[in-house]
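The values are calculated or read from the model by the stated rules, or taken from the named source; none is laboratory data. Worth saying up front: this structure is predicted, and the values here are computed from it rather than measured. Glycine also receives a Cβ, built like all others from the backbone with ideal geometry; neighbour counts cover every protein chain displayed. With ligands, DNA and RNA removed, areas are computed over all heavy atoms of the protein, side chains included. Shrake-Rupley method; radii C 1.70, N 1.55, O 1.52, S 1.80 Å.
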Amino acid sequence: MNDYISTIIRHEFFQKTVASLITILLILIVLRIVHAVYERRTEDVAVRYRKHKIVSFFGGLAILFALAFIFTERLGGLIPAIGFLGAGIAFALQEVITSVAGWIAIAFNNFYQVGDRVQLGGIKGDVIDIGMLRTTLMEIGQWVNADLYNGRVVRVANSFIFKEPVFNYSANFPFVWDEILIPITFASDIRLTREILLRVAEEVVGDYVPVAHSDWEHMKRIYILEDTPLEPRVTISANDNWIEFILRYVVDYKRRRIIKDRIFTRLLEEFEKAQDRVSLASATFQVVGLPEINIRMKEREQATVRT
């Protein structure tokens, strides 16, 4: 019995298996220590999440390389067969491989990160998880108006970043431009209307402007961008029915619906105060004329004939 156990212990495969287990255990301990260190030193949840994914990925690669190194001589005769098998697996799983490549590109090229609002693969929503194969979104829109959650959790393959545009609403510049259209009658005070729009916009979104300027300057250091006005602006156009005022402003991408509600509420209050000088327009229809109608009644014609 002792000789049998001694033979097993001296066997090359048993020794390499033990060495593999010890190596895996050491790598897992190192990963645990690294995770503990950056979790204590990183306060940003999104950065901590991304570091956790990257460290875990490289830990898995380290385990694979270690096992390959330990069993290299043992598997040397199988290398040609493994090569052909690997080529077949790569062809069959090309979508999976592309998704893994997409995950690496997302991690190192900053396409988006957890918490960003993106449109990916035709789906718009907030990123809540970035896995090795799929990105998970909390969807917004669809049957729900504006930028509100509809309750669906959508998983999109990471390979989509190589196939379709990635729209990021929050990377580098977490603001979007929004517009409000206000129609007023031709008899209204145009100058007063412009003043009301600008005053209300400054009151509601004025605090965003300095922060937006700072983020825009940061964008200019990364990309070739021109200066653009970030303060609220009002433009006018006219048609046959009314004068149309367009209020344009920057707003936090997650608060667009709330800010628009606040602006509309304040505008209605101000317009009510100035109702003798500013009147909101509505669609009107003018009947220019009707063609002459010739009505012939058969019964009256017959009566006339009998007479």
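Details
- From the options Asp178, Asp129, residue that is among the charged types (D, E, K, R) and more than 22 Å from Tyr249 (Cβ to Cβ): Asp129
- Filter pass, Arg306 being more than 30 Å from Asn109 (Cα to Cα), modelled with pLDDT of 85 or more and open to solvent by 70 Å² or more (accessible area, probe 1.4 Å): no
- Set side by side, the residues Val127, Val114 differ, and just one is touching a helix residue (DSSP H, G or I) at 6+ places or on another chain (Cβ under 6 Å) and of a type in the set (Val, Ile, Thr), which is Val114.
- Out of Trp177, Trp242, sole residue that is at pLDDT below 90, touching a strand residue (DSSP E or B) at 6+ places or on another chain (Cβ under 7 Å) and either exposed (fewer than 15 other Cβ atoms within 10 Å of the Cβ) or under 15 Å from Val278 (Cα atoms) (or both): Trp242
- Pairs with Cβ under 6 Å, 6+ apart, first in segment 197-226 and on the phi < 0 side of the Ramachandran plot, second open to solvent by 70 Å² or more (accessible area, probe 1.4 Å) and not in a helix (DSSP H, G or I): Val209/Glu231
- The listed residues are Ile27, Ile22, and the only one of them that is touching a helix residue (DSSP H, G or I) at 6+ places or on another chain (Cβ under 9 Å), at pLDDT 70 or above, β-branched (Val, Ile, Thr) and part of a helix (DSSP H, G or I) turns out to be Ile27.
- Filtered residues of segment 247-274 (kept if under 26 Å from the mean Cα position of the chain (by Cα) and β-branched (Val, Ile, Thr)): Val250, Val251, Ile258, Ile259, Ile263
- Lone unmet requirement of (1) open to solvent by 70 Å² or more (accessible area, probe 1.4 Å); (2) of a type outside the set (S, T, N, Q); (3) assigned to a loop (DSSP other than H, G, I, E, B); (4) free of Cβ contacts under 8 Å to residues at least 24 places away in the same chain for Ile258: (3)
- Of the residues making up segment 91-119, those that are closer than 15 Å to Pro165 by Cα, among the hydrophobic types (A, V, I, L, M, F, W, C) and open to solvent by less than 40 Å² (accessible area, probe 1.4 Å) number 3.
- Sole exception among (1) in contact (Cβ under 8 Å) with a residue 12 or more places away in the chain; (2) open to solvent by 100 Å² or more (accessible area, probe 1.4 Å); (3) within 20 Å of Arg191 (Cβ to Cβ) for Lys273, by number: (1)
- Any pair with Cβ under 7 angstrom, 6 or more apart, that starts in segment 144-161 at a residue that is more than 18 Å from Glu95 (Cβ to Cβ) and ends at one that is aliphatic (A, V, I, L, M): Asp147/Ile140; Leu148/Ile140; Tyr149/Met138; Tyr149/Ile140; Asn150/Ile140; Asn150/Val144; Val153/Met138
- Yes/no for Leu230 being of a type outside the set (Gly, Ala, Ser), open to solvent by 70 Å² or more (accessible area, probe 1.4 Å) and either within 30 Å of Arg277 (Cα to Cα) or assigned to a loop (DSSP other than H, G, I, E, B) (or both): no
- Out of Val127, Val200, Val153, one residue alone is open to solvent by 40 Å² or more (accessible area, probe 1.4 Å) and not basic (Lys, Arg). It is Val153.
- The set of residues in segment 180-189 that are modelled with pLDDT of 90 or more and either loosely packed, with under 14 Cβ neighbours inside 10 Å or within 30 Å of the chain's Cα centre (by Cα) (or both) comprises Ile180, Leu181, Ile182.
- Residue check for Gly122: at pLDDT below 85, on the phi > 0 side of the Ramachandran plot, under 12 Å from the mean Cα position of the chain (by Cα) and open to solvent by 40 Å² or more (accessible area, probe 1.4 Å): yes
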